Amino acid sequence: MSVTTKVLVPAKEMEAVQTTQYTATNATAIIDKATVTNTTAGNLTFSVNLVTSGGSPGASNLIVDDRAIASGETYTCPELVGQVLANGGFISTIASAAGLTLRVSGREIT
């Protein structure tokens with residue numbers, strides 16, 4: 001068994017449609033840190049789903065629900081820290097509009 005620290009989602013702007021940001025491929029992933037930063041002049045919201053292999057984003061796997069982020073705020077997503085994604089599981093997000101930057105780091109176990 002090998003454990004590798006890794007940036008699971010390099011800093012990127014979240015989309016305003018449900019989008020897969022990371023998939024655990026041939027590994028189990030553990031989320032250690034996740035941040036969302038609002039780079040706009042107004043308040044925005046976002047949601048995060050942690051979906052099992054073969055599943056789709058929905059109410060049953062919604063971890064962060066419509067979280068408001070003020071202009072210039074960085075939110076550290078404590079709901080995601082320590083969450084585990086089995087092989088094929090994935091992180092999916094949606095933002096209310098452009099202007100939210102997401103970054104996720106963690107460990108992959110192979």
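The values are calculated or read from the model by the stated rules, or taken from the named source; none is laboratory data. These numbers come from a predicted model, not from an experiment. For neighbour counting, all protein chains shown are included, and Cβ atoms are generated from backbone atoms with ideal geometry for every residue, glycine included. The protein model used for the area step is the full one, side chains on, heavy atoms only, and it has no ligands, DNA or RNA in it. Shrake-Rupley method; radii C 1.70, N 1.55, O 1.52, S 1.80 Å.
The distance between label points at residue 97 and residue 41 comes to 1.1 nm (points 7 Å beyond Cα on the Cα→Cβ vector). Look at where the Cα atoms of region 76-110 and of region 24-66 average out, and the two centres are 5 Å apart. Over the chain, accessible surface divided per residue gives 49 Å², non-protein components excluded, 1.4 Å probe.
Computed extension length for residue 61-residue 81: 5.7 nm, one decimal, from 0.36 nm per residue of separation with the Cα-Cα distance subtracted.
How much FRET efficiency would the formula 1/(1 + (r/R0)^6) give for residue 74 and residue 1, where r is the Cβ-Cβ distance and R0 is 22 Å, rounded to 0.05? Given R0 = 22 Å and the Cβ-Cβ separation, E is 0.05. When the Cα gyration tensor is reduced to axis lengths a ≥ b ≥ c, the ratio a/c is 1.5 or higher for region 1-74, and with a/b not above b/c it is classed as oblate.
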